[in-house]
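Everything on this sheet refers to the single structure shown next.
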């Protein structure tokens with residue numbers, strides 16, 4: 001099987017013009033890995049503000065513009081109720097979510113080694129099953145989908161998901177590259193590289209009622 005065939009297993013990869021971050025980014029060896037405890041208050045609750053500050057630091061490292069909307073409540077950070085933010089968590093902003101015309105624009109922010117928990121999007125009374133594609137802007141990610149894993153794919157999955165994950169076939173997506181789901185309602189997740197990552201998502205309308213997680217205790 002060729003490398004290109006492998007890369008196309010979860011929907012095909014379109015290599016765009018590689019976009020470099022202005023001024024470059026720090027080498028992975030220079031990126032300070034945060035401690036999970038730093039994102040939780042004394043009572044154990046998730047510290048959203050501390051999480052946002054970590055993402056702002058990453059944005060500055062990538063020379064990514066922190067526009068006014070990213071300083072508002074539209075920018076959110078979440079640990080999915082799992083208490084393992086540095087392993088499973090994300091930040092994001094919905095730039096647009098248009099139900100009438102069925103389109104959606106989202107920015108995904110992941111700290112070094114951080115993953116979005118495995119999930120899928122089901123049909124609802126309000127929306128068809130969400131289809132989505134992703135374009136890496138800074139750093140890189142592995143997108144995991146259903147299919148036969150390559151060597152190393154399963155071992156890379158964080159411990160919280162390794163046994164239960166249904167999506168076990170990974171595609172490495174570098175800056176400027178695009179990948180997407182091959183079929184609606186398939187299980188998938190995303191895992192950031194050692195510098196963290198910023199990824200643009202292009203999709204059909206997002207109805208949160210259709211979101212399903214593999215882990216029974218994962219929640220928004």
Considering only residues that are assigned to a strand (DSSP E or B) and closer than 14 Å to residue 141 by Cα, which ones fall in the range 89-113? 90, 107, 108, 109, 110
If you scan the range 101-115, which residues turn out to be crowded, with 21+ Cβ neighbours inside 10 Å and closer than 14 Å to residue 54 by Cα? 109, 110, 111, 114
Within the range 166-198, track down each residue that is within 20 Å of residue 81 (Cβ to Cβ) and in contact with a helix residue (DSSP H, G or I) (Cβ under 8 Å, 6 or more places away or on another chain). 189, 191
Hey, residue 143 farther than 22 Å from residue 31 by Cβ and either at pLDDT 95 or above or buried (at least 21 other Cβ atoms within 10 Å of the Cβ) (or both) or not: no
Quickly run through the range 175-206 and pick out the residues that are touching a strand residue (DSSP E or B) at 6+ places or on another chain (Cβ under 8 Å) and part of a loop (DSSP other than H, G, I, E, B). 175, 176, 181, 182, 184, 185, 186, 187, 204, 205, 206
Selection over the range 57-82 where residues are within 26 Å of residue 188 (Cα to Cα) and surrounded by fewer than 17 Cβ atoms within 10 Å (Cβ to Cβ) yields a count of 3
Output the residues belonging to the range 114-131 that are closer than 23 Å to residue 33 by Cα and either at pLDDT below 95 or not in a strand (DSSP E or B) (or both). 114
Looking for something in a loop (DSSP other than H, G, I, E, B), out of contact with any strand residue (DSSP E or B) (no Cβ under 7 Å at 6 or more places or on another chain) and at pLDDT 95 or above - is there at least one such residue anywhere in the range 45-60? yes
Of everything in the range 199-212 that's over 14 Å from the mean Cα position of the chain (by Cα) and surrounded by 15 or more Cβ atoms within 10 Å (Cβ to Cβ), which residue is nearest to residue 175 (Cα to Cα)? 204
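Yes/no matrix, rows are residues, columns are (1) closer than 17 Å to residue 197 by Cβ; (2) at pLDDT below 95:
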| position | (1), (2) |
| --- | --- |
| 30 | yes, yes |
| 42 | no, no |
| 63 | yes, no |
| 67 | no, no |
| 74 | no, no |
| 96 | no, no |
| 102 | no, no |
| 108 | yes, no |
| 112 | yes, no |
When the residues of the range 31-55 are narrowed to those that are closer than 26 Å to residue 94 by Cα and without any contact (Cβ under 8 Å) to a residue 12 or more places away in the chain, which ends up surrounded by the fewest Cβ atoms within 10 Å (Cβ to Cβ)? 49
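The values are calculated or read from the model by the stated rules, or taken from the named source; none is laboratory data. Just so you know, these numbers come straight off a predicted model, no measurement behind them. Ideal geometry is used to build each Cβ from the backbone, glycine not excepted, and the neighbour counts take in all protein chains shown.
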